[in-house]
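Undergrad: Here's a structure for you.
Bear in mind that the values in this text are calculations on the coordinates, not laboratory data. As the structure is a prediction and not an experimental result, all values here were calculated from the model. Neighbour counts are summed over all protein chains in view; Cβ atoms, including those assigned to glycine, are modelled from backbone coordinates with ideal geometry.
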Amino acid sequence: MGIRVAVAGASGYAGGELLRLVAAHPEFELVAATAHSQAGHRVDVVHPQLAGLDMVLGPAGPDALAGADLVFLALPHGESAALAAQLPADVRIVDLGADHRLANPYDWAHYYGGTHAGQWTYGLPELPGQRELIASSTRVANTGCYAAAISLALAPLIAAGAAEPADVVVVAASGTSGAGRGAKAHLLASEVMGDLSPYRVGTHQHVPEIKQATGARSLSFTPVLAPMPRGILATVTAVPARGVDPQAVLAEAYADAPFVHVLPEGRWPHTAATLGSNSCHLQATVDVDSRRLIVVSALDNLGKGAAGQAVQNANLMVGLPETTGLSVYGVAP
């Protein structure tokens, strides 16, 4: 018998990806999956890609989860804290929502609203020292999808003094699955296809998380909705230290990171190359005109940006190699 795993919020896109990864994981045993409106439906009806997964979605609540050794919470922001508080203290939890990411209660109130639930161990293993903290924790807050892409591009450069933390500008495009599975008029195919549209310009909720993870002091962030189901491409710019080689800094920082790939010179990240993987692809240069440092980052927002990252964290929490059950390779075409 493997490690008993339950998924709350299993009817959404991230929840479905979690079910796929957990069901194929060599050491995890999927024992429960819960949902709100989809409770009572078969998993393979809600997620046709999981044909043959013989399980019915249970009602939301702690009772169906309490028998698990490890619980993934793939719930809307603001709903995880109350449920987590009802689970036994010895149950390991990875929260894919934002409830426990932020250290500052003011940031939570300003960007999310409501009562701050407190901070858990931040679930980005590639940050210095974070892998060890995750491995010793029973409560881990998974990263936001944009935050993963941007922090991996930026954090080593600021830590090394290679990028100025007071002047960071980011433009990042994300696929529509990042907005969730709920029916929304602006996400209809007729609205999205053939179009790029910015949203939450200057007010995106991942800004304080990114600043907290990277040490950036000032961040201008413009997110863009792209006409694709999944993927994030982030372009991060900052003022570099004189004579810095950003690619070398990143290569050194991620030399032992199995899921972060600094591409050879001349090759630039693109979202399709990371599809279905838990990998992040990076490339960096210095602009010949403005002399600003530029880093481009690509990942699958449902992989390294959500479910894959959550499984990577869970592997560390239960003492497994962090790569267990995860692919470093994307699928194509």
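Undergrad: What is the spin-label model distance, in nm, from Y106 to A179 if the labels are put 7 Å beyond Cα along the C-beta direction?
TA: 3.2
Undergrad: Amide H neighbours of A163 under 5 Å, counting only residues 5+ apart in sequence or on other chains, H built in-plane at 1.01 Å?
TA: I158, A241
Undergrad: When W268, W108, W120 are ordered from fewest to most other Cβ atoms inside 10 Å of their Cβ, what list results? Walk me through the numbers before you get to the answer.
TA: On the way: W268 13, W108 25, W120 21.
Ordered by Cβ neighbours within 10 Å, fewest first: W268, W120, W108.
Undergrad: Once you have a ≥ b ≥ c as the square roots of the Cα gyration tensor eigenvalues for the range 105-176, tell me rounded if a/c is under 1.5, and otherwise prolate or oblate according to whether a/b is larger than b/c.
TA: On the way: a/c = 1.61, a/b = 1.14, b/c = 1.41.
The shape class here is oblate.
Undergrad: Next question. Rounded to whole Å, give me the distance from the Cα center of the range 24-88 to that of the range 105-138.
TA: Cα centroid to Cα centroid, the span is 22 Å.
Undergrad: Going by alpha carbons, how many degrees (0 to 90, nearest 10) lie between the helix axis of 145-159 and the longest principal axis of the chain?
TA: 40
Undergrad: Students often check this: by mean Cβ neighbours within 10 Å, which of 273-279, 35-41 ranks highest, and how do the rest follow?
TA: My ranking of the peptides, most packed first, is 273-279, 35-41.
Undergrad: Of all beta bridges DSSP finds with both residues in the chain, what is the antiparallel percent, to the nearest 5?
TA: Working: 25 of 57 bridges.
Counting DSSP beta bridges with both partners in the chain, the antiparallel share is about 45 percent.
Undergrad: Express in whole angstrom the spacing between the alpha-carbon centres of the range 229-297 and the range 151-200.
TA: 15
Undergrad: I've got another one for you. For the chain, modelled as a GNM with alpha-carbon contacts under 10 angstrom, which of D90, D54, D289 fluctuates the most?
TA: For the chain, modelled as a Gaussian network with Cα springs under 10 Å, the answer is D289.
Undergrad: I would also like to ask the following. ³J(HN,Hα) across the range 237-248 via Karplus (A = 6.51, B = -1.76, C = 1.60, θ = phi - 60°), whole Hz, x for Gly/Pro?
TA: With coefficients 6.51, -1.76 and 1.60, one gets 10, 7, 7, x, 5, 4, x, 6, 10, x, 5, 5 Hz.
Undergrad: Per DSSP H run of at least 4 residues, take -39500 (n - 2.57); add these up for the chain, divide by its residues and hand me the 222 nm value, nearest 500 deg cm²/dmol.
TA: Helix-only estimate at 222 nm: -6500 deg cm²/dmol.
Undergrad: Let me ask something else. How far is helix 308-317 tilted, in degrees, relative to the longest principal axis of the Cα atoms in the chain, given as a value from 0 to 90 rounded to the nearest 10?
TA: It is inclined by approximately 70 degrees.
Undergrad: Tell me which chymotrypsin sites (Phe, Trp or Tyr not before Pro) from the range 241-333 have a DSSP coil assignment and no more than 15 other beta carbons within 10 Å of their own. Mind dumping the intermediate values first?
TA: Numbers: sites: Y254, F259, Y329; in loops: Y254, F259, Y329.
Sparse-neighbourhood loop chymotrypsin sites (Phe, Trp or Tyr not before Pro): Y329.
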